[in-house]
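*Asks:* Quick one: this structure, given as structure tokens, is what I'll be asking you about.
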Amino acid sequence: MAALVLLLGLVGSAPAQVPPPEPVVVAPAEGDSWDIDSTRNIRWANLPGENVQVELSRDGGVTFENLFNNIPNDGTQFWTVTGPASLECLIRVRSIQEPVVATTSATFRITDLLHILTITSPIGGEVWTAGSQQLLTWTAPGEGNVRVELSTDGGVTFSTVFGSTPNDGAQPWMVPETLTTRARIRITHINDPELTDVSDADFEIAAVPGIQITTPSGGELWEIGTRREIRWEGTLDVEIFSTPEAFWALPTDEAARRAHEAVSRL
């Protein structure tokens, strides 16, 4: 009986087997944003061996590029973040001595906030005629594509003008027939939505200028050599010249020129 009690005591005092801690990437953490050109500390723990390899993926783990090929396994490595920006980045740390043992971080972002996107035209105050061809311009770092949007209510709501166009700083645009005095343009980098800008102030989308002749209205009899008054409604630029026979207001835009020619034939 005493031997049985002793045996049970020995069995009960045997130490429990504790599994080794899982390898883990501590930083970057889920949702972190690391800006291009900033210096960040990659941290990991519980990897076996004396040396590790550190890799980066910008496409959610489909492909990896090498950051540090063979560094001490001391759990920390400073890195000056490089571009391009991405929303689907991962860090993977692998043991050199035991290559099958590796750990991958949660998804984080590489952003380009030290270099900003800035719209240079339109910036506000412009009057662009509906149907005219205008050039949208901006400055932005990196490559990739941008999305261009238009607001007609001062920036409250936006509709897409170009869903994806190269981030080359310029985009020709045919101004729509949506007349407003509260237009704004917004440009956003597709791969890094934090790179975005809106026109500083409202610009105007105006109607095509034109005129309506009110005098002569038709049927009048004007004698050669007499001075007559021509009246119209609308806005146009004019040049005045006189001849021995008469004087006329000569419009400089094409639509008004045609109207002037019509009057000349009366």
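*Asks:* Which number in (1) of a type outside the set (D, E, K, R); (2) in the same structural domain as Val198 (by TED's automatic domain parsing); (3) exposed (fewer than 15 other Cβ atoms within 10 Å of the Cβ); (4) at pLDDT below 95 marks the one condition that Val100 misses?
*Replies:* Just one mismatch for Val100, condition (2).
*Asks:* A further question follows. Within region 21-67, considering only strands (runs of 3 or more DSSP E) that don't extend past its boundaries, which have at least 1 residues that are touching a Gly at 6+ places or on another chain (Cβ under 6 Å)?
*Replies:* 39-45
*Asks:* Right, another one. Report whether or not Gly75 is in contact with a strand residue (DSSP E or B) (Cβ under 6 Å, 6 or more places away or on another chain) and at positive phi.
*Replies:* Against the criterion (in contact with a strand residue (DSSP E or B) (Cβ under 6 Å, 6 or more places away or on another chain) and at positive phi), Gly75 qualifies.
*Asks:* Quick one: would you say Ala170 is outside the structural domain of Asp59 (by TED's automatic domain parsing) and among the aliphatic types (A, V, I, L, M)?
*Replies:* yes
*Asks:* Next question. Quick check on this structure: which one of Val146, Val156, Val175, Val161 is hydrophobic (A, V, I, L, M, F, W, C) and within 12 Å of Phe203 (Cβ to Cβ)?
*Replies:* Within the list Val146, Val156, Val175, Val161, the selection yields Val175.
*Asks:* Go through region 103-113 and give me each residue that's under 17 Å from Thr39 (Cβ atoms) and either modelled with pLDDT of 95 or more or hydrophobic (A, V, I, L, M, F, W, C) (or both).
*Replies:* If we filter region 103-113 for residues that are under 17 Å from Thr39 (Cβ atoms), which is where we start, we get 108-113.
Answer for region 103-113, where residues must be under 17 Å from Thr39 (Cβ atoms) and either modelled with pLDDT of 95 or more or hydrophobic (A, V, I, L, M, F, W, C) (or both): Phe108, Ile110, Leu113.
*Asks:* Count, please, the residues in region 84-94 that happen to be in a loop (DSSP other than H, G, I, E, B) and buried (at least 18 other Cβ atoms within 10 Å of the Cβ).
*Replies:* Residues that pass the stated criteria total 1.
*Asks:* Does region 95-121 hold any residues that are touching a Gly at 6+ places or on another chain (Cβ under 6 Å) and either polar (S, T, N, Q) or in a strand (DSSP E or B) (or both), and which are they?
*Replies:* Across region 95-121, the qualifying residues are Ser95, Gln97.
Table: residues versus (1) surrounded by 13 or more Cβ atoms within 10 Å (Cβ to Cβ); (2) within 24 Å of Asp192 (Cβ to Cβ); (3) not aromatic (Phe, Trp, Tyr).
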residue	(1), (2), (3)
Val25	yes, yes, yes
Glu30	no, yes, yes
Ile36	yes, yes, yes
Arg43	yes, no, yes
Glu50	no, no, yes
Leu67	yes, yes, yes
Pro72	no, no, yes
Trp79	yes, yes, no
Thr104	yes, yes, yes
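The values are calculated or read from the model by the stated rules, or taken from the named source; none is laboratory data. Quick caveat: nothing in here was measured; it's all calculated off a predicted structure. A quick note on method: Cβ atoms are made from the backbone with ideal geometry, for glycine too, and the neighbour counts reach across all protein chains shown.
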